[in-house]
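> Take a look at the following structure, please.
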Amino acid sequence: MSPFVAPLLVAVAQASAASQAPAAPAAPAAPVVEQAAPAGPYVVLDTNFGKITVGLYQDKAPLTVKNFLSYVRGGSYDGTIFHRVIPNFMIQGGGFDKDLTEKPAGAPIRNEAKNTPNNKRGTLAMARTNEPNSATCQFFINLRDNHRLDFGIGGAGYAVFGEVVSGMEVVDKIAGVATVPRGPHQNVPSNPVIIRSIRETAAPKLAQPPAETAPAPKP
């Protein structure tokens, strides 16, 4: 069974991809404390809709980041798709090719959601089954603040391990595609949203504040 963001309000377990993604919560978002920007390392998701740069929370989710980078370095994400797209909720991918053939995955990892940042808009979290410690390769990008997916609010929670630092407009473009059901999978883009590759990259340069200008001398 492939991982998903388990249904929070509708207790329906679906096979394969649907079993790894969370169902959109109807409750309003809970208030959340501001969280620090990711310390890195950084990766670039090259998709057929454009590029998305992501900073990883290696300091807050070391096991999850190590697991994710093992798939990145092995080229496992190359040619996979975002197979589950739900507007105003999340986009999920990393586990299937464009024919919806499931990619091989490694051993599941321990859920680090207790200590990771919140599931706010633009963050990446691991998809899993109803078993908290079942995440492997699939991940999702939050399209809104989904705090019901956080530890303690959504039970064991979904471990956030990264955040989009550039290319959120690409994520939003993907979120707007038309979707159809295909076999046991729901919300599948009618035209594949392809992850061509995910590669490590250097940390983006931060914009420097303008230098202060000395006042002109009086005449």
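> Could you tell me which of the residues ALA105, ALA113, ALA125 is surrounded by fewer than 21 Cβ atoms within 10 Å (Cβ to Cβ), under 22 Å from VAL43 (Cα atoms) and either at pLDDT 95 or above or touching a Ser or Thr at 6+ places or on another chain (Cβ under 8 Å) (or both)? Break it down stepwise before answering.
On the way: ALA113 fails: surrounded by fewer than 21 Cβ atoms within 10 Å (Cβ to Cβ); ALA125 fails: surrounded by fewer than 21 Cβ atoms within 10 Å (Cβ to Cβ).
Going through ALA105, ALA113, ALA125 in turn, just one is surrounded by fewer than 21 Cβ atoms within 10 Å (Cβ to Cβ), under 22 Å from VAL43 (Cα atoms) and either at pLDDT 95 or above or touching a Ser or Thr at 6+ places or on another chain (Cβ under 8 Å) (or both): ALA105.
> Let me ask you something else. Give the number of residues within segment 79-101 that are touching a residue at least 24 places away in the same chain (Cβ under 8 Å) and surrounded by fewer than 17 Cβ atoms within 10 Å (Cβ to Cβ).
Summing the residues that are touching a residue at least 24 places away in the same chain (Cβ under 8 Å) and surrounded by fewer than 17 Cβ atoms within 10 Å (Cβ to Cβ) in segment 79-101 gives 4.
> Of everything in segment 95-149 that's in contact with a Lys or Arg (Cβ under 8 Å, 6 or more places away or on another chain) and among the small types (Gly, Ala, Ser), which residue is nearest to PRO192 (Cα to Cα)?
GLY95
> Kindly indicate whether any position in segment 187-205 is modelled with pLDDT under 95, aliphatic (A, V, I, L, M) and surrounded by fewer than 21 Cβ atoms within 10 Å (Cβ to Cβ).
The answer is yes; a qualifying residue exists.
> Follow-up question, since we're still on this one. Within segment 163-186, count every residue that is of a type outside the set (Val, Ile, Thr) and touching a helix residue (DSSP H, G or I) at 6+ places or on another chain (Cβ under 7 Å).
The first filter runs over segment 163-186 and keeps only residues of a type outside the set (Val, Ile, Thr), leaving 163, 166-169, 172-173, 175-176, 178, 181-186.
Those still in the list that are touching a helix residue (DSSP H, G or I) at 6+ places or on another chain (Cβ under 7 Å) too: 184-186.
Residues in segment 163-186 being of a type outside the set (Val, Ile, Thr) and touching a helix residue (DSSP H, G or I) at 6+ places or on another chain (Cβ under 7 Å): 3 in total.
> Quickly run through segment 115-139 and pick out the residues that are under 13 Å from LEU149 (Cβ atoms) and over 13 Å from the mean Cα position of the chain (by Cα).
Selection gives THR116, PRO132.
> Sticking with this structure for a sec: Name every residue in segment 35-78 that is surrounded by fewer than 18 Cβ atoms within 10 Å (Cβ to Cβ) and at positive phi, in order of residue number.
Once the filter is applied, which keeps residues that are surrounded by fewer than 18 Cβ atoms within 10 Å (Cβ to Cβ) and at positive phi, segment 35-78 yields GLY50, GLY75.
> Then there's this: Of all residues in segment 35-71, which are within 14 Å of the chain's Cα centre (by Cα) and among the hydrophobic types (A, V, I, L, M, F, W, C)?
Those that are within 14 Å of the chain's Cα centre (by Cα) and among the hydrophobic types (A, V, I, L, M, F, W, C): VAL43, VAL44, LEU45, ILE52, VAL54, LEU56, ALA61, VAL65, PHE68, LEU69.
The values are calculated or read from the model by the stated rules, or taken from the named source; none is laboratory data. Every value quoted in this text rests on a predicted model; they were computed, and no experiment measured them. Don't worry about glycine lacking a Cβ; one is built from the backbone with ideal geometry, like all the others, and counts go over all protein chains shown.
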